[in-house]
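Presented below is the structure to which this report refers.
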Amino acid sequence: MTQISESDARTYLSSKGVSAFIDKAIMSMLHDKPDDPVQWFQEYAATCKRSGNKASPPGVVSVRLNKGMSWSQIAGKLPCGRTEAEKIQRAQLFNKIDCNHNEYVSPEEAINGMRANLPFQHDAIEDVMRTACRHIQKLTKQGQEVRPPNIAENALTRPQFRLLLVYLRRYCDLLAMFDEFDTDEDRNVDLNEFKGVCARLDSWGIRVHYPEKAFEALDKRKRGEVPFQDFADWVIGKQLEQEPCTAEDELDAADEADAQMGGGAGRSMKSGRPMKSSKVSSFRRGRTGAIDWGLIAERLPYGRSQVEKDRRKELFNLIDVNGNGYISLAETDKGLRDILKLEEVFDCKPAIMRAFQAAKDVHKESKARLGADFVTKCEFRILLEYLRKYFELFVMFDRMDDDNDRRLSEEEFVRHAKKLTEWGVKSTDFKAEFAKMDTNHGGKVLFDEFCHWAIPQNLDVEDDDDR
């Protein structure tokens, strides 16, 4: 049997009056070589019908906008940036979507909750979002926190939710960009279209030095074109690798969003538990007895004696459950609860987060790629010391937070001048000290701002007998 090239085949089909729809179907079938051509063509026809009779092979997601909407308008509804306004807007969106108030968003909650923000014509966007969720879970798997037993593995945390918005934002940006190149509107990317889009990716921090090689690797079917979804996954995957996935900013924004809403949801934004009363600590779960500072110090061996070094070595191996020489945030969280049995410290998530973030950056310049977001053996002693210190700072912060909104006002700060003096504050001008903390002049101070101010002053809580 004589073989002809694809271009010759297309020319022949065109000369016989075969429509572009049948032409593309035949060429796609020849490339895919399906076991059941009839079933393949039925799926192909159904896909084309849903997408407005645009010829797309099975498996290609065809996402169309509602009339009167533009991709830039859609992108503007996705607050994935790092500005304070976008953080708060994102936290409020998360709260709205998190229907059962458990501080996790399932893919189903994300899809249902985002419909109003993403007015597409078809349900194909569901496939895009599920793909995004899988991609994000795979990318951030090692950094996940310990989850309650009733929380599904594919549910998104607040940091992962930001990555979902990044994914959707970039997906819309790519569609807007691609509309300029996709002249046949088949939602497939050929080499020339690929080169055109890649030339614009520099502004995203993505450089494709050898577009021909990159396209060849993407073109797994060797058809000379790549489905848009595969192309989008490749581009956005590179983008997400550059995006931090840390909870610190997201938790602070959750506090701020909750405060702006007046606590109307009736729950703590970090834990999903009911908001504390003015007489109950936010992290002690109703415990009213004195904090056992001696026990905490004994179970966090950060001293330099040989005994503490030996205990620390053994403790590191116990917490490093996968034995890779690194400790993740999730392993730290689990170790506090299951190995060290420090429930009060375990419940104090802001202190754990800030201690971990500070410790993992101590030897940043000497780390390999894997270690950048983990604590190494040489940083483990510092992590234990920071856990002790940041927990103490949060106890101070909590004792001044009279209205329990996890923010300090100037009035609250000044009201506790006597306590602050007992803890070691030298200044007597407490309004001036508050102004130093309130760097953004918002009138409220979050725990992170309090820590930046308090650490250089070497404060010590009054009932801490471990001095």
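The values are calculated or read from the model by the stated rules, or taken from the named source; none is laboratory data. Computed from a prediction, not measured in an experiment: that's the story for all the values here. Backbone-built Cβ (ideal geometry, glycine too); neighbour counts: all protein chains shown. We work out accessible area using only protein heavy atoms, side chains counted, and drop any ligands, DNA or RNA first. Shrake-Rupley method; radii C 1.70, N 1.55, O 1.52, S 1.80 Å.
Worth pointing out:
- Applying 0.36 nm per residue to the separation of K377 and V425 and subtracting their alpha-carbon distance, the gain on full extension is 13.9 nm.
- Contact order relative to length of the stretch 370-467, as percent, for alpha carbon pairs under 8 angstrom and 6 or more apart: 29 percent
- Our estimate of slack between N112 and V321, defined as 0.36 nm per intervening residue step minus the Cα-Cα distance, is 71.6 nm.
- Nitroxide proxy distance, nm - points 7 Å out along Cα→Cβ at E84 and L191: 5.2 nm
- Segment Q306-K238, extension gain: residue separation times 0.36 nm, minus the distance between their alpha carbons: 19.9 nm
- Residue-by-residue Karplus 3J(HN,Hα) for the stretch 193-203, coefficients 6.51, -1.76, 1.60, Hz, glycine and proline x: 5, 4, 4, x, 6, 4, 4, 9, 7, 4, 5
- Among 211-218, 301-308, the order from most to least packed when residues are scored by Cβ within 10 Å on average: 211-218, 301-308
- Under-5 Å amide H pairs with V226, H placed in peptide plane, nonlocal only: V189, D190
- FRET E, pair W204, Q457, Förster distance 51 Å, beta-carbon r, rounded to 0.05: 0.75
- On a per residue basis, the stretch 389-447 carries 45 Å² of accessible surface, using protein heavy atoms and a 1.4 Å probe.
- In this structure, the pairs whose alpha-carbon distance is over 19 Å, taken from K238/K349; K341/K419; K96/K444; K360/K389, are K238/K349; K341/K419; K96/K444.
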